[in-house]
Amino acid sequence: MTATAKPPAKPVDLFSPEVVADPFGWYARLREEPLPHTGTLNIGTMMGGPDMWLATRYEDVLTVLTDPRFLTNPPSDSPLADIRDGVFKAMNFPEDLIPWMANKLNTADGEDHTRLRKLVSYALTARRVNALRSRVEKITEDLLDRMAEQAADGSPVDIVEEFCFPLPVTVICELVGIDEPDRAAWHAWGNAMATMDGPNIPPALRTCIALSRELMARRRVEPKDDLVTALVQAQAEDPGRVSDDEIVGILFSLVTAGHQTTTYLIGNSVLFLLE
């Protein structure tokens, strides 16, 4: 779409101390700006590449999400792909890893997104999720007991490291099928992505690609009641339904999104209650 509004004289760095200290006030002001708004002009400090537009109001966000002209993963011959690839190149991101960042469940468009989402929804049924209830309760109890033991002598306990992170990452890994020895590597990947830590993203990504392929190979031989097994079985029934690379992309999307957001939610909720 063509940008016609004049951008504000001073761009907004959403990661600046001022915005972090008063996010509600800053976002309220951003919502009052005419669209398009260059609220992320300074996001180059995080990712590099060209200027980006930030939609801040409900109507504008709805337009971006529903208008087919907006693409998350444009075709390789599209000018939009040049912009996307330019961001990665500005980060000095290895060219062979760019497709792995672009071809994920949450970056798929149109029919591809629908196809992949259906595969995941079939595996993540209400029955499967409800079956985890007792396991989630047990994980929670164990983590709280361990925190109580650590604090028994009056020592402070980091609730984010000891509870807010371990609970959701353990649950999502068990639901998806990530085995215990591999979870530290996925933790490193999630942290690198959440902070857009450019130097550490490529090695963490390569590690998780290799672990995903090994996991898929194990589940083909020794199936379990998890998402990876469901996906490789769906592939065996219809090889054209989902590729190995797409399964890896699904794992990236779910493991990262499945624990980072919940970690922050639990931590912020505890802080709110304490205050």
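FYI, it's all coordinate maths here, none of it is from the lab. Keep in mind that this is a model prediction, so the values were computed, not measured. Because the Cβ atoms are built from the backbone with ideal geometry, glycine has one as well, and the counts that use them run over all protein chains shown.
In this simple spin-label approximation, Ser16 and Glu180 carry label points 7 Å from Cα along the Cα→Cβ vector, and these lie 4.8 nm apart. According to the Kirkwood relation over distinct C-alpha pairs, the hydrodynamic radius of the stretch 53-203 is 19.1 Å.
For the stretch 139-231, trypsin sites (Lys or Arg not before Pro) meeting the loop criterion (DSSP other than H, G, I, E, B) and having at most 14 other Cβ atoms within 10 Å: Lys224. Two tests apply to each whole DSSP H helix in the chain, Cα reach of 24 Å or more along its axis and mean Kyte-Doolittle hydropathy of at least 0.5, and the ones passing both are 244-274.
Each 10 Å bin from zero up to the one holding the largest Cα-Cα distance in the stretch 125-245 carries the following percent of pairs: 11, 32, 34, 18, 4, 1.
Normalising the average separation of contacting C-alpha pairs (under 8 angstrom, six or more residues apart) by the number of residues puts the relative contact order of the chain at 17 percent. In the chain, helices alone account for a calculated mean residue ellipticity at 222 nm of -19000 deg cm²/dmol, with every DSSP H run of four or more residues adding -39,500 (n - 2.57).
A simple charge model with +1 on the Cβ of Lys and Arg, -1 on the Cβ of Asp and Glu and nothing else charged puts the dipole of the stretch 158-267 at about 220 debye relative to its Cα centre. Taking the chain as a Gaussian network of alpha-carbon nodes connected by springs under 10 Å, the highest mean-square fluctuation of the residues Leu251, Leu265, Leu116 belongs to Leu265.
Testing the spin-label approximation: label points 7 Å from Cα along Cα→Cβ at Glu237 and Ala217. State their distance in nm. For Glu237 paired with Ala217, the spin-label model returns 2.6 nm.
Assuming 0.36 nm per residue, please report the length gained on full extension of the stretch Ser78 to Thr114 beyond their Cα-Cα distance. Display every interim value, and only then the final one.
On the way: separation 36, 0.36 × 36 = 12.96 nm, distance 2.15 nm.
Value of the extension gain: 10.8 nm.
Label-to-label distance, Asn92 versus Asp245, with points set 7 angstrom from Cα along the beta-carbon direction: 2.6 nm.
For an R0 of 25 angstrom, estimate the FRET efficiency from the Cβ-Cβ distance between Glu32 and Phe70 and round to the nearest 0.05. Can you show the working numbers first?
Working: r = 23 Å, r/R0 = 0.91.
FRET efficiency, Glu32 to Phe70: 0.65.
Hey, got the dipole for the chain? About the Cα centre, +1 on K and R Cβ, -1 on D and E Cβ, debye to the nearest 20? All intermediate terms of the calculation are to be shown ahead of the outcome.
Working: 26 positive and 41 negative charges, 132 e Å.
The calculated dipole for the chain is roughly 640 debye.
In the chain, the alpha-carbon atoms span a convex hull of 169 Å³ per residue. Structure remark: mean-square fluctuation, Gaussian network model of the chain, C-alpha springs under 10 Å; the largest value among Val64, Val120, Val169 belongs to Val64.
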